[in-house]
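To start, the structure under review is shown below, and the notes come after it.
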Amino acid sequence: MPDATLPGVHHVTALSGDAQDNLDFYAGVLGLHRVKTTVNFDDPTTHHLYYGDATGRPGTVLTFFPWPQAANGRPGAGMAQAVAFAVPNGSLADWRVRLADRGIDVEAGERLGDPFLHVSGPDGLKIELVPTPDSADAAPWTDGPVPPNLAIRGFHAPTLPVFADDRTVELFTDVFGWSRSGTDGDRLRVQGPGTGVGTAVDLLVRDRHPSGRMGQGTVHHVAFRAPDADAQATWQAALRERGLQVSDVKDRQYFQAIYFRDPDWTSGLLFEIATEGPGVLIDEPEADLGANLQLPSWLEDRRDELERILPSLTPPT
Ligand code: ZN
């Protein structure tokens, strides 16, 4: 095992349709804090929206590339199937009422002995709310529409489809060093060494998974968090040593990222390892998070053009 830790999930990135619909649901209904309004650095004429806890800490951040011209996607092999959020114990009944009041269909389920609610986002992305004991450092957004005793704390375990005959389970347990913390049928929960929210993933281990289609409402990638650039470099070398193709380090302004997808080691899922810092407070104060379009220095000279092209966004009421 490499001499570095990978405490848990950093962020999850998905594709959506209309950006305003996305904002209305994730900030207005689920009460996540829009902590960054920026652009897709690989296609700056489209938005990249970040939602998280009060200050958008790693382990809480769901991001979207709104892609209104794309077709609806269909989850399948190589794509996370559901994004699960931790909500306070005892809050599911109130969540059910809140969602039903807004005409949103809710289904109840149970896994590994715990109840959860399942709802679909505006583009069909599966969202789960799982009651979880509160960690001491929970810092949900309290200026939003959801009262603090309900507010989402961060990620619970996202569900990843994994093939039984490849090495994805081994990647988590033997390479990442995560422990097996529970099973439920063909679902294996693996737990990273971090504390607080966003430290587990559920691997759905099956011989076959249906093929999917990337598009609106599907997860693009799951990022794990490395404490710093040195740890990230250690992981990059360790994965390359095992024969995985790993990208060079990319500057994502709020973190540094490396990416890898491997048919044998990731079941075709796109994974990222992102540094915990510098974080979303690097270019705007906490009180202004998400309110204004933020561009990295290399795109600042295109601001006028991009502000004309990007759809304007109105905070949900
Ligand atoms: Zn990412």
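The values are calculated or read from the model by the stated rules, or taken from the named source; none is laboratory data. In this text the structure is predicted, and so the values were computed from the model without any measurement. We place every Cβ from the backbone using ideal geometry, glycine too, and count neighbours over all the protein chains shown.
Values computed for the structure shown
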{"quantity": "Considering residues of the range 231-252 that are more than 13 Å from the ligand (Cβ to nearest atom) and acidic (Asp, Glu) only, the residue surrounded by the most Cβ atoms within 10 Å (Cβ to Cβ)", "calculated": "Glu241"}
{"quantity": "Strands (runs of 3 or more DSSP E) enclosed by the range 162-230 - at least 1 residues per element that are away from the ligand (no atom under 16 Å from the Cβ) and within 21 Å of Ile152 (Cβ to Cβ)", "calculated": "187-191, 200-206"}
{"quantity": "Any chance Thr13 is of a type in the set (Ser, Thr, Tyr) and in contact with a Ser or Thr (Cβ under 7 Å, 6 or more places away or on another chain)", "calculated": "yes"}
{"quantity": "The range 1-36: number of residues that are more than 16 Å from the ligand (Cβ to nearest atom) and at pLDDT 95 or above", "calculated": "19"}
{"quantity": "Arg180 vs. criteria surrounded by 17 or more Cβ atoms within 10 Å (Cβ to Cβ), touching a helix residue (DSSP H, G or I) at 6+ places or on another chain (Cβ under 9 Å), at pLDDT 95 or above and of a type in the set (D, E, K, R)", "calculated": "no"}
{"quantity": "Some residue of the range 76-94 being hydrophobic (A, V, I, L, M, F, W, C), free of Cβ contacts under 8 Å to residues at least 12 places away in the same chain and over 19 Å from Leu289 (Cβ atoms)", "calculated": "yes"}
{"quantity": "From Ala200, Ala151, residue being closer than 30 Å to Pro2 by Cβ and buried (at least 18 other Cβ atoms within 10 Å of the Cβ)", "calculated": "Ala200"}
{"quantity": "Considering residues of the range 40-70 that are touching a Gly at 6+ places or on another chain (Cβ under 8 Å) and modelled with pLDDT under 95 only, the residue surrounded by the most Cβ atoms within 10 Å (Cβ to Cβ)", "calculated": "Trp67"}
{"quantity": "Search result, residues across the range 253-284 that are assigned to a loop (DSSP other than H, G, I, E, B), near the ligand (Cβ under 10 Å from one of its atoms) and not aromatic (Phe, Trp, Tyr)", "calculated": "Leu270"}
